[in-house]
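Have a look at the structure below before the remarks.
The values are calculated or read from the model by the stated rules, or taken from the named source; none is laboratory data. All of these numbers come straight from a predicted model, not from anything done at the bench. Glycine gets a Cβ as well: all are built from the backbone with ideal geometry, and neighbour counts include every protein chain shown.
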Amino acid sequence: MKIFRHFLLILLLFAENSFAQTFEVLPLGVYGGLNEANISSYLVKSTSSDQYIAMDAGTLYAGLVKAKMLQNISLNPTDFLQHHVQSYFISHPHLDHISGLILNAPSLKNKTIYGLQFTTDAIVKHYFSWDTWANFGDEGEKPQLKNFHIATLQNEQPIQDSISNLKITPFILSHASPHHSTAFLIQNKDTYILYFGDTGPDRIEKSTHLENVWKYVAPLIKKKQLKAVFIETSFPNSQPDKLLFGHLTPSWLNKEFTTLANYTGKKALKNLSIVITHIKPEGDHENTIKNELKAKNPFHLKWIFPKQGVPLYF
């Protein structure tokens with residue numbers, strides 16, 4: 001009887017770890033272009049904290065206006081950004097992933113921008129420049145207004161964000177080779193979510209960057225510790241490979257999950273939450289992409305299509 005109770009306790013602890021919600025993600029921008037008020041930005045926090053980190057920052061203020069209108073935040077957007085978002089992790093320096101941060105820079109103080117070298121170099125050289133805007137950073141042209149500290153990350157080297165108490169590990173990606181982007185693995189104690197910036201499939205990009213990420217996270221998936229994957233699907237399957245420009249389609253996304261399944265086994269992927277980001281909403285692309293993903297789901301993944309201002313819990 002004691003052995004049975006001990007075994008039951010282990011099962012209950014495993015279930016609690018597997019199903020307890022440990023992350024809140026607030027999407028501020030979900031598209032990959034066209035609508036400048038709704039592009040590439042996700043706030044992430046532990047459910048036990050009130051401090052977020054930002055994964056990209058294409059849209060900030062407009063996304064918080066929408067969240068407040070939906071009664072999902074109570075503060076006005078500027079106060080919310082100042083008091084609840086201290087750290088910005090930027091996957092790559094394209095405007096649809098950073099324009100909201102640049103435009104809100106005058107009203108923000110004592111923040112940190114994190115990125116791999118190619119990202120921080122571009123921010124200092126091209127955005128925080130007196131020729132294009134103003135230098136709100138603490139590097140580069142003088143005078144430096146120092147609203148932001150620029151922190152350069154090292155590939156696959158984790159850092160601890162002391163304010164949110166989350167650990168973040170960056171992974172370099174290929175985004176229309178030879179250009180790059182970043183994936184961020186976010187850790188909250190023994191649970192994780194994985195956020196991808198823009199990325200093309202390894203086969204087209206002639207790289208192994210995505211496969212390297214899959215290898216790294218495969219043990220977490222098998223242990224049910226990876227709660228969700230945020231990954232782009234910019235174009236429908238009709239988009240020619242030569243016109244992907246470093247992005248994915250539903251077909252290519254499934255091919256990448258086939259690579260992942262080689263490391264996890266097919267059963268381990270069942271019901272894994274996959275949040276589809278960066279849809280380019282031209283014409284009927286959005287509906288087409290959703291239908292193509294739902295029509296072919298060989299690994300029984302849980303497709304999630306985020307909405308601006310509506311929190312997700314994992």
Legend entry - Residues (over 13 Å from S99 (Cα atoms) and either under 13 Å from the mean Cα position of the chain (by Cα) or assigned to a loop (DSSP other than H, G, I, E, B) (or both)) located in the range 35-47: Y42, L43, V44, K45, T47
Legend entry - Criterion violated by D50 - all others in (1) charged (D, E, K, R); (2) in contact with a Leu (Cβ under 9 Å, 6 or more places away or on another chain); (3) assigned to a loop (DSSP other than H, G, I, E, B) satisfied: (2)
Legend entry - Pairs, first farther than 23 Å from L185 by Cβ and among the small types (G, A, S) in the range 36-47, second in a strand (DSSP E or B) and at pLDDT 95 or above, C-beta under 9 Å, six or more apart: A37/G29
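In the range 241-253, is there at least one residue being of a type in the set (F, W, Y), under 19 Å from F171 (Cα atoms) and either modelled with pLDDT under 95 or surrounded by fewer than 17 Cβ atoms within 10 Å (Cβ to Cβ) (or both)?
no
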Inset, instruction - All but one of (1) under 21 Å from A20 (Cα atoms); (2) out of contact with any helix residue (DSSP H, G or I) (no Cβ under 6 Å at 6 or more places or on another chain) hold for A268, so report the exception by its number. - result: (2)
Inset, instruction - Out of I186, I204, report the one residue that is touching a helix residue (DSSP H, G or I) at 6+ places or on another chain (Cβ under 8 Å) and either modelled with pLDDT of 95 or more or closer than 21 Å to Y31 by Cβ (or both). - result: I204
Inset, instruction - List the number of the failed condition for L75; all other conditions in (1) over 20 Å from the mean Cα position of the chain (by Cα); (2) surrounded by 18 or more Cβ atoms within 10 Å (Cβ to Cβ) hold. - result: (2)
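Looking only at residues in the range 172-191 that are more than 20 Å from G32 (Cα to Cα) and under 12 Å from the mean Cα position of the chain (by Cα), which one is surrounded by the most Cβ atoms within 10 Å (Cβ to Cβ)?
The qualifying residue surrounded by the most Cβ atoms within 10 Å (Cβ to Cβ) is I186.
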